[in-house]
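Novice: Below: one structure in structure tokens.
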Amino acid sequence: MYCLRVGPGTEKKQARKIANGFLPMYHSVDEYGRDGKQPVVPGYVFTTQYVPGTVRVPEDEWKMIEALSNPQPSVLDHANRSFSEGPLKAVEGDITEIEAERINVCVKLLGENRMYWLAVEPLDPETAETYRKPIPAVSEEDEDAAGTEPGKKTGENGTAQKGPKYTFTEAQIREMLELEARVGIQKAAKEYNVPWQTIAQYKRRDRKAKRIAGAAAGQTAAQQTVFQILPEAPEDEEGLRIQNAVLRERAAELEARAEQLKRALEALG
């Protein structure tokens, strides 16, 4: 494998000019679970054949680049700081920080130390929860800057109550999250006059609700399949044999679905 150094931000344009040129990309994950594609090695274009100006990529470094850009999920055993499966096995020795659903790795590629936040799937959801970082508490300065707005709870004497500081309707929360997706968490927080931590909490709650809804939908589909039986039993022996084979196949499918639902529900905690 070969690479060519190019100006940062021009990688895609330069890749089109090089024979077999391409950009290895990876999914970066921030502390709120948002992900986005980024070049594994910014400022470089890669090619499978030598082109004037290119240099050979060390084999061990290319293996790391392949692992980082592989979209297949990796399952992390939090207790042992190792992967039970997945492409990130190649970089488990370079892990610098672990969280519930992402890790930080530092690897040296093409002469520079580079940091990556990568999504992982926990082998044991209960153990993974001990690695979940809480949302930072809202400081008094943040609260003062946020001010008092229509959604904020106040007592009879007009002072702020203890406990949840903001109450929004579900429609308002949905609008807030849609705005955050478009302009970012800081601008959305300023627009709604709330600390950014408030929006982060709503995002986590929304992601969990979607996972639960997905698991419930899968369970309903499996239940419906159970009742999709043959209306009448055939009278002849050959028909019974065929029906029995069909029912065995359906039973195997249902067992597989049940196992998938069990794993999904365990992951939800």
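The values are calculated or read from the model by the stated rules, or taken from the named source; none is laboratory data. Predicted, not measured: the structure shown is a model, and the values here were computed from it. Neighbour counts run over all protein chains shown; Cβ positions are idealised from the backbone, glycine included. Heavy atoms of the whole protein, side chains included, go into the accessibility calculation; ligands, DNA and RNA do not. Shrake-Rupley method; radii C 1.70, N 1.55, O 1.52, S 1.80 Å.
Novice: State which residue pairs qualify: first residue farther than 20 Å from Arg5 by Cβ and inside segment 56-80, second residue of a type in the set (Val, Ile, Thr) and open to solvent by 30 Å² or more (accessible area, probe 1.4 Å) in any location, beta carbons under 6 Å apart, and separation of 6 or more residues or different chains.
Specialist: Final answer for the pair search is His78/Thr127; Ala79/Thr127.
Novice: Which of the residues belonging to segment 6-43 are open to solvent by 50 Å² or more (accessible area, probe 1.4 Å), within 10 Å of the chain's Cα centre (by Cα) and under 19 Å from Ile65 (Cα atoms)?
Specialist: Within segment 6-43, His27, Asp35 meet the criteria.
Novice: Additional query: Just give me the residues in segment 172-206 being touching a residue at least 60 places away in the same chain (Cβ under 8 Å) and over 22 Å from Gly36 (Cβ atoms), in sequence order.
Specialist: The one that is touching a residue at least 60 places away in the same chain (Cβ under 8 Å) and over 22 Å from Gly36 (Cβ atoms): Thr198.
Novice: Right, here's the next one. Can you spot a residue in segment 165-172 that is in contact with a Phe, Trp or Tyr (Cβ under 9 Å, 6 or more places away or on another chain), modelled with pLDDT of 80 or more and open to solvent by 50 Å² or more (accessible area, probe 1.4 Å)?
Specialist: yes
Novice: Which members of segment 88-113 meet the condition of being in a strand (DSSP E or B), open to solvent by 30 Å² or more (accessible area, probe 1.4 Å) and in contact with a helix residue (DSSP H, G or I) (Cβ under 9 Å, 6 or more places away or on another chain)?
Specialist: If the condition is that a residue be in a strand (DSSP E or B), open to solvent by 30 Å² or more (accessible area, probe 1.4 Å) and in contact with a helix residue (DSSP H, G or I) (Cβ under 9 Å, 6 or more places away or on another chain), then Cys106, Lys108 are the ones that fit.
Novice: Okay, next question. Mind checking which residues of segment 1-42 are touching a Lys or Arg at 6+ places or on another chain (Cβ under 7 Å) and among the small types (Gly, Ala, Ser)?
Specialist: If the condition is that a residue be touching a Lys or Arg at 6+ places or on another chain (Cβ under 7 Å) and among the small types (Gly, Ala, Ser), then Gly33 is the only one that fits.
Novice: Let me ask another. Looking at (1) surrounded by 15 or more Cβ atoms within 10 Å (Cβ to Cβ); (2) assigned to a helix (DSSP H, G or I), can you tell me which one Phe83 breaks?
Specialist: Condition not satisfied by Phe83: (2).
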